[in-house]
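Below is one structure, written out as structure tokens; the observations come after it.
The values are calculated or read from the model by the stated rules, or taken from the named source; none is laboratory data. Fair warning: this is a prediction, and the values are worked out from it, not measured in the lab. Cβ sites come from the backbone with ideal geometry, for glycine too, and all protein chains shown count toward neighbours. With ligands, DNA and RNA removed, areas are computed over all heavy atoms of the protein, side chains included. Shrake-Rupley method; radii C 1.70, N 1.55, O 1.52, S 1.80 Å.
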Amino acid sequence: MKKLESSLTNMLLVLTLVSVVAAFLLAYVNNVTSGTIAKINEEALSSGIKSVLNIGADEQIETNEKPVDAFVVYEVSRDGNWVGTAVKSTDKSGFGGDIEVLVGFDAEGNILGYEVLKHAETPGLGARMGEWFRTATSGETKEVSAVSKVFFGKPDPAGSHNIIGRNIGNEGELKVSKDGGDVDAITASTITSRAFLNAVNNAYKVYKGNASDVNSGATAQN
Amino acid sequence: MNNWKVFLNGLVKENPTFVLLLGMCPTLGTTSSALNGMSMGLATTFVLICSNIVIALLKNLIPDKVRIPAYIVVIASFVTLLQMLMQAYLPSLYASLGLFIPLIVVNCIILGRAEAFAAKNTAIPSLFDGLGMGLGFTWALTLLGAVRELLGTGAVFGFTVLPSSTNMLAFVLAPGAFIVLGYLIAIVNKIKK
Amino acid sequence: MSPHVHSGDSVSKNMRWVIIAMLPAMLWSFYAFGMGAVIVTAVSVASCVFFEWAINKYILKNDKCTICDLSAVVTGILLAFNLPSNLPLYIIIIGALFAIGVVKMTFGGLGCNLFNPALAARVFLLISFPVKMTVFPEVGQMTAYADAVTAATPMAAIKAQISTGTLADVSLLDLFLGNVGGSLGEVSALCLLLGLVILLASRTITWHIPVSILVTVFALTGLLHIAYPVEVATPWHHLFGGGLMLGAIFMATDYVTSPMTPKGQLIYGFCIGFLTVAIRVFGAYPEGMSFAILIMNAFVPLINNACKPKRFAKEVKK
């Protein structure tokens with residue numbers, strides 16, 4: 001077959017044809033996958049909500065979603081009883097951009113759990129926030145031999161950075177120790193830690209603004 | 001040139017990463033771990049094979065003056081397709097690579113092979129060229145990712161090998177990518193001589 | 001080597017003067033940090049010399065004695081000067097390998113390296129081991145090494161002024177003498193200035209680079225201090241604190257990685273001073289000297305090109 005000439009008609013025809021075929025193909029695949037993608041995103045959110053509220057993965061829950069400004073509040077109930085509220089909160093001052101966290105609160109406003117949904121922090125440093133703020137190391141120091149200490153150094157000092165169970169309403173806002181608070185920042189990642197704690201503090205404020213509604217809604221259902 | 005030679009050419013002799021030095025952006029950006037590097041390589045291989053075959057088939061239909069926009073449309077369609085499929089069926093992989101998938105469109109390996117090979121050959125050799133180049137890219141990225149992961153986090157493919165006190169964070173970050181890539185290219189050149 | 005091929009002085013003679021000039025600061029570090037400083041210096045120098053010898057002999061297969069020019073010893077001491085005195089041995093050895101193996105020998109050895117080896121190694125370690133590289137022991141723990149008690153450095157306290165809005169209580173006299181925490185070689189401005197006098201008197205370096213850096217930093221922080229008296233510390237604190245003196249006197253003046261003409265050296269010095277102030281005042285790190293010098297190292301070929309000495313002969317037409 002001879003190569004098509006570069007005449008205006010040919011060029012227009014071929015480009016249009018290629019684009020139309022591509023568009024149809026993509027539309028078809030989009031049609032096939034969009035349902036699955038939506039379901040996966042929904043499942044990811046629901047498993048995140050269950051995890052921050054300490055609910056077993058296979059338990060049935062009902063979620064009532066309610067956007068408040070830039071936040072999203074999820075009021076969660078099981079068999080018609082309110083069990084907790086998860087708040088999705090975003091902070092823009094992370095080291096690598098936005099940090100999106102989901103924080104779960106119980107009726108007293110204690111933090112039940114958290115989950116980092118989206119972030120672009122440095123791996124090995126700021127990215128450790130997913131585990132850092134729920135692990136308690138205060139009081140436990142590993143003993144290492146003298147040789148290992150000289151060659152590899154002392155293990156990281158024990159500190160308190162577990163925010164699970166904390167109550168921002170009673171204890172005041174969470175702050176890193178550098179800013180006069182009592183939460184140890186992730187080593188060498190103070191900026192990330194500040195942004196993360198800020199997101200958690202804001203989540204609490206949003207939760208508090210809705211707390212009365214949440215409780216009354218639950219009682220009404222009883 | 002037979003198909004086997006075409007395949008080996010991309011895998012070793014004209015390896016896109018270590019010899020042609022094409023596609024440096026995904027090479028440096030996605031290789032923070034061996035698994036990420038391998039996944040990126042395989043994703044690129046998929047797009048490369050598809051686009052090579054389609055372009056080899058369409059080459060006589062596409063007038064010369066509009067070949068670049070036509071190729072880009074073909075490549076971009078396959079990348080978008082891959083993105084949707086990955087999001088639907090491999091969500092965890094998509095979470096770690098999602099940012100880099102759209103970048104495959106501008107990966108110069110793909111347009112480069114379309115221009116240099118697929119536009120001059122028939123579909124079957126183009127398939128082998130895509131496979132060879134793609135797998136050549138994959139093993140290079142996997143190796144780069146494995147070295148960076150080992151030095152930076154003490155693990156390979158997620159299995160911890162070294163104690164955490166020996167982790168050198170710099171290798172997970174951008175400078176480590178440049179340093180490791182430089183040394184790997186030097187070693188490959190030394191071996192090839 | 002590169003700038004000295006045609007001049008009368010030999011590399012090893014210059015290196016000997018540099019080592020002599022570093023002695024006051026080294027002795028002060030032994031006095032202030034005790035055993036830790038001795039261990040860090042010894043390990044750093046020994047591993048730098050070892051890597052230089054081993055790479056030269058077994059990888060480059062070169063018979064020339066490159067450790068005889070003492071440049072590896074200088075790199076070792078400078079690297080130690082940039083480390084905290086409680087740093088684990090493993091990290092020091094990695095630093096020496098990076099300085100000699102990656103930054104120096106990969107580019108072809110002394111005279112061919114683009115960046116200052118000791119400084120590049122320090123920055124590599126800082127990024128790789130951010131925790132261990134940013135805690136510094138307090139002065140006066142003579143026998144403690146790994147168990148030394150650490151404290152915030154004056155530079156960290158000065159940096160905190162920006163966020164807390166209260167003046168840090170840092171004694172200027174302690175800063176000048178070196179009674180403060182910090183890396184081995186940077187703490188005593190007095191000893192470093194003594195080193196500068198030795199370097200100038202022995203004609204090992206000229207005044208252009210150190211003076212232009214120090215003047216730039218002093219002037220810029222002075223202006224900023226007048227504008228923001230609480231957030232920015234006094235120019236004296238910036239002059240005597242942190243790695244400024246060490247960088248200006250021993251790091252930025254490295255022959256291989258600094259411009260050759262006086263005019264180029266003044267431009268280079270001004271830019272380093274400017275970048276240092278920018279990082280110290282506006283950046284995330286309390287210290288900016290090492291980054292500033294490395295960035296300007298990359299510009300040296302460009303500066304050399306722009307500041308070529310004028311030739312007086314007429315151009316010959318071909």
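Points worth noting:
- Cleavage-rule hits, GluC sites (Glu not before Pro), region A:8-61, DSSP coil, Cβ neighbours within 10 Å at most 11: A:Glu59
- For chain A, relative contact order (Cα pairs under 8 Å, six or more residues apart, normalised by length) works out to 18 percent.
- Local electrostatic count at C:Met133 - Lys and Arg +1, Asp and Glu -1, tallied over other residues with Cβ under 12 Å: +1
- Taking amide H as placed 1.01 Å from N in the peptide plane, the amide H of C:Val187 sits under 5 Å from none that are at least 5 places away or on another chain.
- Per-residue Karplus couplings for region C:166-171, computed as 6.51 cos²θ - 1.76 cosθ + 1.60 with θ equal to phi - 60°, are listed in order as 10, 5, 6, 8, 10, 6 Hz, Gly and Pro entered as x.
- If only the Cβ of Lys and Arg carry +1 and only the Cβ of Asp and Glu carry -1, the dipole of the protein assembly as shown around its Cα centre is close to 3720 debye.
- Helix-only mean residue ellipticity at 222 nm for chain B, each DSSP H run of n ≥ 4 adding -39500 (n - 2.57), per residue, nearest 500: -21000 deg cm²/dmol
- Percent carbon-and-sulfur accessible area, chain C, ignoring ligands, DNA and RNA, probe 1.4 Å: 70
- Loop-exposed trypsin sites (Lys or Arg not before Pro) per DSSP, neighbour cap 10 Cβ within 10 angstrom, longest uninterrupted part of chain A: A:3-141
- At q = 0.12, 0.20 Å⁻¹, base-10 log of I(q)/I(0) for region C:1-96 (Debye sum, equal scatterers on each alpha carbon): -0.43, -0.99
- If you look at the Cα atoms of region C:11-306, you get an Rg and a Dmax of 18.1, 60 Å.
- Reported to the nearest whole Å, the Cα centre-to-centre distance from region C:258-318 to region B:164-193 is 29.
- Computed about the Cα centre, the dipole magnitude for region C:223-318 is approximately 880 debye when only Lys and Arg (+1) and Asp and Glu (-1) carry charge, each at its Cβ.
- The angle between the Cα long axis of helix B:34-58 and the longest principal axis of the Cα atoms of chain B comes to about 0 degrees, rounded to the nearest 10.
- Helix B:123-153 and the long axis of chain B differ in direction by around 10°, with both axes built from C-alpha atoms.
- Near the amide H of A:Gly113, within less than 5 Å, lie the amide hydrogens of A:Gly104, all on another chain or at least 5 residues away, with H placed in the peptide plane.
- The string of couplings for region A:39-45 from the Karplus curve (6.51, -1.76, 1.60, θ = phi - 60°) is 5, 5, 4, 4, 5, 4, 5 Hz, one whole number per residue in order, with x for Gly and Pro.
- Loop sites in region C:11-118: chymotrypsin sites (Phe, Trp or Tyr not before Pro), DSSP, at most 15 other Cβ within 10 Å: none
- Helix A:190-221 vs. chain A, principal-axis angle (Cα, 0 to 90°, nearest 10): 90
- Here the sum of -39500 (n - 2.57) over DSSP H runs of 4 or more residues, divided by the residues of chain A, equals -14000 deg cm²/dmol at 222 nm, to the nearest 500.
- Between B and A, accessible area buried - total, square angstrom, nearest 100, 1.4 angstrom probe: 2400
- Dimensionless Rg ratio for chain A, taking C-alpha atoms and the 2.2 N^0.38 Å reference: 1.44
- Altogether, the Stokes-Einstein calculation at 10 °C and 1.306 mPa s, with the Kirkwood radius of region B:1-132 over Cα pairs as Rh, returns a diffusion coefficient of 106 µm²/s.
- Cross-link pairs A:Lys39/A:Lys118; A:Lys92/A:Lys118; C:Lys13/C:Lys64; A:Lys118/A:Lys208; A:Lys3/B:Lys65 - those with Cα-Cα distance over 21 Å: A:Lys118/A:Lys208
- Calculated mean residue ellipticity, 222 nm, chain C: -17500 deg cm²/dmol, from DSSP H runs (n ≥ 4) at -39500 (n - 2.57) each, averaged per residue and rounded to 500.
- Note that region C:205-213 has calculated 3J(HN,Hα) couplings of 10, 9, 6, 4, 5, x, 5, 5, 5 Hz, one per residue in order, obtained from phi through the Karplus relation 6.51 cos²θ - 1.76 cosθ + 1.60 (θ = phi - 60°); glycine and proline are x.
- Convex hull of the protein assembly as shown built on C-alpha atoms - directionally averaged projected area, nm²: 42.3
- Threshold 20 Å², region A:1-24 residues less accessible with all protein chains present than alone (1.4 Å probe): A:Met1, A:Lys3, A:Leu4, A:Ser6, A:Met11, A:Val14, A:Leu15, A:Val18, A:Ala22
- The interface between chain C and chain B buries about 800 Å² of solvent-accessible area in total (1.4 Å probe, ligands and nucleic acids excluded).
- Solvent-accessible area per residue, Å², over region C:37-98 with all protein chains present [probe radius 1.4 Å]: 37
- Based on protein heavy atoms only, chain A ends up with 54 Å² per residue of surface accessible to a 1.4 Å probe.
- Here the alpha carbons of region A:1-65 define both size measures, Rg and Dmax, at 23.4, 68 Å.
- Cysteines without a disulfide-compatible partner [chain C; Cβ-Cβ under 4.7 Å]: C:Cys48, C:Cys112, C:Cys191, C:Cys271, C:Cys307
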